[in-house]
Amino acid sequence: MATGTAATISEPSFLEYKSGFRSWFYTTDHKRIGILYLVSISIFFIIAGSIAIVMRAELFTPESNIVSPHTYNVLFTLHGSLMVFFFIVPGISASLGNFLIPLMIGARDVAFPKLNLGSYWLYLIGAAILLFALLEPADTGWTFYTPYSAKTNTNVILLTLGIFVLGFSSILTGLNFIVTIHKMRAPGMTWHRLPLFIWALYSTAILQLLATPVVGITLLLLIAERTLGIGFFDPDKGGDPVLFQNFFWFYSHPAVYIMIIPAMGVISEILPVFSRKPIFGYKAIAYSSVAIAIISFFVWAHHLFVAGISETAAIIFSFLTFLVAVPTAIKVFNWLATLYKGSIQFHSAMLYALSFLFLFTVGGLTGLHVGALAADIHLHDTYFVVAHMHYVMIGGTVMGFFGALHFWYPKWFGKMLDDTLGKIAWFFVFIGFNVTFFPQFFLGVQGMPRRYATYLPEFESLMKLSTIGSWILAIGMIIMAYNLIKSLYSGEKAPDNPYNSLSLEWQTSSPPILENFKEIPVVTDWSYGYGKKG
Amino acid sequence: MSENHDEHITPYKTYVIIWLILMALTVITVYVAREIDLGSINLFVAMIIASIKATIVALFFMHLKYEDSITWVFALYPLFLLSLLIGLTSIDVFNRIVP
Amino acid sequence: MEQLTADHVHVHHIDPVEEYEQSKFGMWLFLGTEILLFGGLFATYAIFRAKYPEMFHLDHLKLDWELGALNTIILIGSSMTMAIGVTASKKGNNKLLIIMLAITIICGLVFGFNKYLEYTAKFAHHIYPDTSIFFSLYFMMTGLHMLHVFIGLIVLLIIMILAIKGRYSASYNTHVEVGGLYWHLIDLIWIYLFPLLYLIG
Amino acid sequence: MNWVPEAASSFAGKVDGVLWFVTVLSIVFFILITVLLIYFSFKYKRKTENDYTPYITGNQTLEIIWTVIPSILLFVIFAYGLIVYKEMRTPPGDAVEVNVTAKQWIWIFKYQNGKSTINELFVQHNRPVKMVMRADDVLHSFFVPAFRVKQDLVPGMYTQLWFNPTKIGTYDLFCAEYCGTGHSQMLAKVYVMSPEAFSRWEKGDEEETTTFASTKSPEELGKDMYSKNGCAACHSIDGSAGVGPTFKALYGKNESLQDGTTIEVDENYLRESILIPQAKVVQGFAPSMPSFKGILTDEEIDALIAYIKSLK
């Protein structure tokens, strides 16, 4: 393990050393920027989540009675865009990644601290543009498919412009992380000693860096189509609407992995600590992250099996899609094996990690249904896809995110969370989530199309069940938010290393001092050396 | 640069030679496209010449020749992705069934 | 791009060599992003050229290839002066660096001016971005490239001001190297745009 | 409750086969993982702070096993899906063609004998049909769950799908690709008819019995036309605002048009608006209504006007 770090340090922590508006919004400290991201994405998560509650309430009955169909369309567009671009893509990567990468690799900051602040400002600019866009919100769905997005009278330009700006925020964050991980590791922190969370964020950063520009130019072309009248996607001008979908998913499929890989990294950190066992198959997990990052570029058109693409393309993409399932399966089995013969502690963070394993498995396995060509034709654009996607995104990413919040909370804020309250919240979240989304698999198989403001009466009972689930989920979230905020004030003071973890971020004070470590640590072993040898 | 930093400094003369080569290639590409006109393989020839030029610029002007392997990886991987974007999209666009 | 080369105010513990290596690597990563940003347009070009070869052939004849060739020569020339500037800076020859940066900037401005002439000539002939797919591509590609030229010029201008202020020496020239990389990329993309649009359409 | 909708096409059962195959495989793996997860969680629950835990870092054999077995299974799923897909995508040579045009937010079907219908697709039992489809404005998607078919309709490009209906009955047709405000109202019915009923319909008798039954008053007929032709997607009958003006108390009302003039809504204006919707657009509404020229007969328009007049 690392040496050279003092357990107790009398210097003020990064939270205390300076206060005031400027000390936050002009900070180049990666930890403060991480907190800024955390607060920002939480705000968008709450907004987008509330929108979802309204949508589910509207769907309680088949008719349209709370909001008009147009408003409903606006709501699901906003829900999707906010959740994807403002919450889940920057989510774990920008907030936890910023906070943890330098701490975990034993550096004092990221490679380009000013650029890091610049990325956050870009995020804010994107958010500000979004606020203007809300004056006349778009109704295109978060995928902005042409020709509808080129024709609708609503404000598509501002929303896409906001996302374009956010894209650059994401690109620069990824760039920063890659350079940091390559060039700033502490002495002795070899690639095969890197925590798996870092491997995950490294893979994510590659995707952020190289997939995002393609959606950037695509949205730019959409804006040009609406303003200058260029016609790459306009059939009346000789363009090809399906080309837009190809370009869009060239980013947006890798983006799914931008969302999920960091959560996989979180799980790889939480499981060994609360099982007190080394992670099983370190190299397999690390390399499968990188493999996913590479293969995920080859599979985008599996979103287009019925969009009018050629059969040849559909067959090739279906095949490649199944390839990307292999590294994912490998990870799940390795996590499971980590539990074997461990000493498992049901901390609230661990509960989220275990429910990740459970829910992500459901999400992953139902991915096989929609990857298989014949089945996808029936399931595409139905609630089955909605359920599958939410099982991966909430059951996977958000569970990982919540787990990370509960796990690293003492490190961020120097306060312990109320673990009992955490477990109660987890219970509601877990039950509520399943009640909301599991019925949607059946709805989808029975043919209920997605993005419907009104629906046929035959779907009513399952839709009602799903809506009731959303209320349970909301209760869980409210309890959790209460716990997170309350503990800031009344939480017990956290020790430096409450879980006896071996990784570097726990070897400094909680919360860490401004420069992270008094002296840069020298790493002599990997951070999963739990258990007794021999 | 400090002592431990063994960096290659390209002499001025190299740049001038490279520039002359690039100029020559520009003339060739214009000449081939406008005067000889090879028809269907015009595109092919023009792209080969452009790629030679781009490689020279990257290797010498941008000093890629002296960079470490990880820089090479990140310089070439985007090109691979670009070919993937063009290639796989073409498989779609040019194989669609017309009923 | 200025931000890429974070200077050592907050992070006083980073030594210039490390910073140089990091910034250079960071810029290479950024160039990868740029390639894929243009990549979307190159892919669009490839697909529509294969789909509408006649349109591309007829429309490309309306472009002024001589002006395009002139711009190619100017831009490649500016790439050379930039490269010479980088070497000059590494050798500690600040005066030569400033001269080379000045020539590079002038070349960039002339390039921009030629583009302005070209665009106005097109508008005078009632050729706009929505005239045809080819011209959509022409305006989007050269427009995005022009945007990069502008950004590059601003970067080089800042570097030149800093050079005049004497910020660079044989031991510290990160900005020059990194700014140079960016400028070469602009050249690199033009090397493809020129034949694709002006010569073989 | 049925897990899957009724299987009413020749390949529906085969698609269900793929679905079941993947589902059963998934359940096997799901149970394997969940049981192990729960078993480990409780078997190895922490007893003391200093529990003994072994230092196990991995196992080459296990890694190979759980790489190779899933890979093989995944390939099998791919191949199975592909085989059925091929059948779903290859229409038999003797399939009857139906032209489908989708526009916001109606389905128009044109048959080889020159007939055309809106939001109602008539097909013959056990005779393969091939849909040759295009969209007029934005993307739509032809989705009949009972037949397990789905295909997007793309403006500027023809797409196709085929099916062989194997059960007589009425089935729902959905638009599955988001297409704007009326997306969830863009529904149609597919009628699978016996050969006798189908040929009667083809000869035109069916239409009389369904739409112009002499027992119905013009208002009632108009009401049928209103719901059949997708008017409801944009025009409400209860006074609430939609994509287009409401039909409630529309007749006799003075509407201000986009060019600033006012017009009293009479029979001629209603008729013109149905046939040439873009001619006089009411202020505050987008000129997005499709023309029903050649789709509705004069009698049908009369009935529709009578219905609108009846909505006071």
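Annotations for the structure displayed:
- Applying D = kT/(6 pi eta Rh) to the protein assembly as shown, where Rh is the Kirkwood radius over alpha-carbon pairs, T corresponds to 20 °C and eta to 1.002 mPa s, the Stokes-Einstein value obtained is 67 µm²/s.
- Helix D:218-228 axis, angle to chain D major axis (alpha carbon atoms, nearest 10°): 30
- Cut-off 12 Å between beta-carbons: net charge of the residues surrounding D:Y158, Lys and Arg +1, Asp and Glu -1: +1
- Across D:A95, D:A232, D:A279, mean-square fluctuation computed from a Gaussian network of chain D (C-alpha pairs under 10 Å connected) peaks at D:A279.
- Once backbone amide H atoms are built at 1.01 Å from N, D:L153 has D:H140, D:S141, D:F142 as its partners under 5 Å, excluding neighbours fewer than 5 places away on the same chain.
- Considering only C:A88, C:A121, C:A102, the mean-square fluctuation computed in a Gaussian network model of chain C, springs between alpha carbons under 10 angstrom, is largest for C:A121.
- Rounded to the nearest Hz, the phi-derived 3J(HN,Hα) couplings of region A:329-342 under the Karplus curve 6.51 cos²θ - 1.76 cosθ + 1.60 (θ = phi - 60°) are 4, 4, 4, 4, 5, 5, 5, 4, 5, 4, 5, 4, 6, x, where x marks glycine and proline.
- Value of D in µm² per second that Stokes-Einstein yields for chain D, Kirkwood Rh from Cα pairs, at 4 °C (1.567 mPa s): 55
- Average silhouette area of region C:31-145, convex hull of alpha-carbon atoms, in square nanometres: 8.2
- Interface burial in region A:328-343, defined as at least 50 Å² less accessible area with all protein chains than with the chain alone at a 1.4 Å probe, covers A:F333, A:L336, A:Y340, A:K341, A:S343.
- In loop segments of region B:1-89 as defined by DSSP, the GluC sites (Glu not before Pro) with at most 16 further C-beta atoms inside 10 Å of their C-beta are B:E3, B:E7.
- Pairwise Cα distances in region D:96-209 exceed 18 Å for 45 percent of all pairs.
- With helices as the sole contributors, chain A gives -21500 deg cm²/dmol at 222 nm; each DSSP H run of n ≥ 4 counts as -39500 (n - 2.57), and the sum is divided by every residue.
- Cα-centre dipole for region D:215-310 with unit charges at Cβ (Lys and Arg positive, Asp and Glu negative), debye to 20: 240
- Isotropic mean projected area of the C-alpha convex hull, region D:24-70 (nm²): 4.3
- Nearest-20 debye value, the protein assembly as shown charge dipole, Cβ charges on Lys, Arg, Asp, Glu: 2600
- Chymotrypsin sites (Phe, Trp or Tyr not before Pro) restricted to DSSP loop in region D:1-102 with at most 11 other C-beta within 10 Å: D:Y52
- Pairs from the list D:K110/D:K248; A:K114/C:K95; D:K189/D:K253; D:K103/D:K280 with a Cα-Cα gap above 24 Å: D:K110/D:K248; A:K114/C:K95; D:K189/D:K253.
- Highest-fluctuation residue, D:P91, D:P54, D:P245 considered, GNM on chain D with Cα pairs under 10 Å: D:P54
- Largest-first ellipsoid semi-axes for region B:1-66, taking √(5λ) over the Cα gyration tensor eigenvalues, angstrom: 34, 12, 4
- Total buried accessible area between B and C, probe 1.4 Å, nearest 100: 4400 Å².
- Compared with the dominant Cα axis of chain A, that is its longest principal axis, helix A:196-227 is turned about 30°.
- Vicinal HN-Hα couplings computed from phi for region A:236-252 (Karplus, 6.51 cos²θ - 1.76 cosθ + 1.60; Hz; Gly/Pro x): 5, 10, x, x, 9, x, 6, 4, 4, 5, 4, 5, 4, 7, 4, 8, 6
- Spin-label model distance (nm) - D:S310 vs C:K165, 7 Å beyond Cα toward Cβ: 8.3
- Taking the C-alpha atoms only, the angle from helix D:12-43 to the longest principal axis of chain D is near 40 degrees.
- Phi to ³J(HN,Hα) by Karplus 6.51 cos²θ - 1.76 cosθ + 1.60 over region A:108-125, Hz, x for Gly, Pro: 8, 6, 6, 5, 10, x, 5, 4, 4, 5, x, 4, 5, 4, 4, 4, 5, 4
- Region A:310-389 - convex hull of alpha carbons, volume per residue in Å³: 88
- Annotation: Cα Rg of chain A relative to the compact-globule expectation 2.2 N^0.38 Å equals 0.95.
- Exposed-site-free run, longest, chain A (rule: GluC sites (Glu not before Pro); DSSP loop; at most 16 other C-beta within 10 Å): A:64-491
- Among D:P165, D:T262, D:V154 the positive-end extreme of the charge dipole of region D:121-276 (Cβ point charges): D:P165
- Charge context of D:I301, other residues only, Cβ under 11 angstrom, K/R +1, D/E -1: -4
- The charge dipole of region B:1-66, taken about its Cα centre with unit charges on the Cβ of Lys, Arg, Asp and Glu (plus for the first two, minus for the last two), comes to roughly 180 debye.
- Taken residue by residue and averaged, Cβ atoms of other chains lying within 10 Å of the Cβ of A:171-181 number 4.
- DSSP-assigned coil residues among trypsin sites (Lys or Arg not before Pro) in region D:47-127, each with at most 11 further Cβ atoms within 10 Å: D:K47
- In region D:215-310, Rg over Rh equals 0.93, where Rg is the alpha-carbon radius of gyration and Rh the Kirkwood radius from pairwise Cα distances.
The values are calculated or read from the model by the stated rules, or taken from the named source; none is laboratory data. Owing to the predicted nature of the structure, the values given are computational and were not obtained by experimental measurement. Using ideal geometry, Cβ is built from the backbone for each residue, glycine included, and neighbour counts are taken over all protein chains shown. Accessible surface is based on the protein model in full, side chains and every heavy atom, while ligands, DNA and RNA are left aside. Shrake-Rupley method; radii C 1.70, N 1.55, O 1.52, S 1.80 Å.
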